[in-house]
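The numbers here are math on the coordinates, done by the rules we state, and not lab data. Given the structure is predicted, the values throughout are model-derived calculations rather than measurements. FYI the Cβ positions are ideal-geometry reconstructions off the backbone, even for glycines, and counts take in every protein chain you see.
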Amino acid sequence: MKKIIAEETIEKKVVYDGHIIKVRSDMAKCANGEIVPREVVEHPGGVGIALEDEEGKFFFVRQYRYAQEKVMLEYPAGKKEKGEDPLSTAKREIIEETGFEGKDFVYLGALVPTPAYDTEVIELYYAKQGEYKGQHLDEDENLDLCKLSLEEITDEIVKGNVTDSKTVAMTFLIKEYKERNK
């Protein structure tokens with residue numbers, strides 16, 4: 001197997017500094033000595049939370065995703081705040097989006113949605129539904145809650161109706177977690 005050698009960053013230049021992301025136009029040196037441009041989106045990272053109720057159904061959000069120009073069905077998720085650890089983000093976001101606390105959190109792993117140009121890492125969690133605390137949506141959030149079983153969401157994924165990467169990955173991971181921990 002061929003050894004892969006890291007590229008050396010020669011120059012980093014921020015070309016856009018937005019509310020959520022930064023965009024850089026870098027120059028990098030390849031293993032063969034060639035200098036090449038690299039575009040990087042810096043993102044603070046986030047979490048996805050699969051919250052299961054007492055009946056074995058999971059909370060989902062339907063929301064319009066501007067970049068995709070359509071309504072998407074996803075597990076609740078959110079962006080990490082500066083200095084916030086992922087579990088704290090998960091606990092905060094699940095209450096904000098569903099109104100319910102999560103309990104017995106299980107870390108499922110990390111997902112890197114677009115490694116070619118984006119620094120975003122999404123930490124994935126599974127939790128049981130706790131007490132109702134009240135939903136606290138961000139000012140610009142407009143979402144609809146629903147509940148689906150793992151079988152129902154798997155069917156929606158297979159049909160191509162769910163294309164969100166964290167939802168696809170988390171569904172697989174939850175199924176495996178449940179199977180291996182019977």
- Query: Kirkwood Rh, Cα Rg: Rg to Rh for the range 14-66?
  - Reply: 1.28
- Query: Out of GLY78, GLY109, GLY99, any idea which swings most in a Gaussian network model of the chain, alpha carbons joined below 10 Å?
  - Reply: GLY109
- Message: Relative contact order of the chain, please, whole-number percent, based on alpha carbon pairs below 8 angstrom and at least 6 residues apart.
- Response: 21 percent
- Message: Restricting things to Cα coordinates, could you compute the convex hull volume per residue of the range 100-155 in Å³?
- Response: 153 Å³
- For the chain, find the longest principal axis of its Cα atoms and tell me its angle to the long axis of helix 165-180, 0 to 90°, nearest 10. 60 degrees
- Cα-only Debye scattering, the chain: base-10 log of I(q)/I(0) at q = 0.08, 0.11, 0.17, 0.20 Å⁻¹: -0.31, -0.56, -1.10, -1.38
- Task: Could you tell me which trypsin sites (Lys or Arg not before Pro) in the range 79-128 are loop residues by DSSP with no more than 11 other beta carbons within 10 angstrom of their beta carbon?
- Result: LYS82
- Query: Please identify the GluC sites (Glu not before Pro) of the range 92-144 that satisfy two criteria: DSSP loop assignment and at most 15 other Cβ atoms within 10 Å. Which are they?
  - Reply: GLU139, GLU141
- Span from the the range 11-48 Cα centroid across to the the range 121-154 one, whole angstrom: 31 Å
- For each pair in LYS3/LYS175; LYS13/LYS82; LYS80/LYS103; LYS22/LYS147; LYS22/LYS70; LYS133/LYS166, compute the distance between the two Cα atoms and list the pairs where it is over 27 Å. LYS3/LYS175; LYS22/LYS147
